[in-house]
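Undergrad: Next up is a structure, given as structure tokens.
Derivation of every value follows stated rules applied to the coordinates shown; laboratory data play no part. Note that the structure is predicted; figures quoted are calculated from it, not measured. Cβ coordinates were reconstructed from backbone atoms using ideal geometry, including for glycine residues, and neighbour counts include every protein chain displayed.
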């Protein structure tokens, strides 16, 4: 499921999603969303924030805040800009490795 499909399903339940203080909030007066849809919203939070027009700096800050608790202590202590640089470098390295593997 992608962000557009999730938004359509949320709206089909007479609700809507908005971003408040870097959190996704469900607005509506109908019944609560089904558990499966709540899980999809949580799983696709970043994609939904982008689709809803959240500024990229706020979206990136939210991503960093979400991953920081799961990092080793040394990485948790990095400032946001350093952590973001490390994540970007890791993505680029993984992409380059995949391209080298695919072209063999």
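Undergrad: Rounded to the nearest 500, what is the 222 nm mean residue ellipticity of the chain from helices alone, with -39500 (n - 2.57) per DSSP H run of 4+ residues and division by all residues?
TA: Values: 6 runs with 65 residues, N = 104.
Mean residue ellipticity, 222 nm, calculated: -19000 deg cm²/dmol.
Undergrad: What nm value, rounded to one decimal, do you get for the distance between residue 30 and residue 86 when each label is placed 7 Å out toward the C-beta?
TA: Those two pseudo-labels are separated by 4.3 nm.
Undergrad: Under a crude label model (7 Å from the Cα following the beta-carbon direction), how far is residue 63 from residue 21 in nanometres?
TA: Distance between the two pseudo-spin positions: 2.4 nm.
Undergrad: Separate question: Taking only the alpha-carbon positions of the stretch 1-70 and ignoring solvent, what does the Debye formula give for the base-10 log of I(q)/I(0) at q = 0.17, 0.28 Å⁻¹?
TA: Taken in order of the listed q values, log10 I(q)/I(0) reads -0.59, -1.33.
Undergrad: Calculate, in nm to one decimal, what residue 104 and residue 14 gain on full extension: separation in residues at 0.36 nm each, minus their alpha carbon distance.
TA: That works out to 27.3 nm of additional length.
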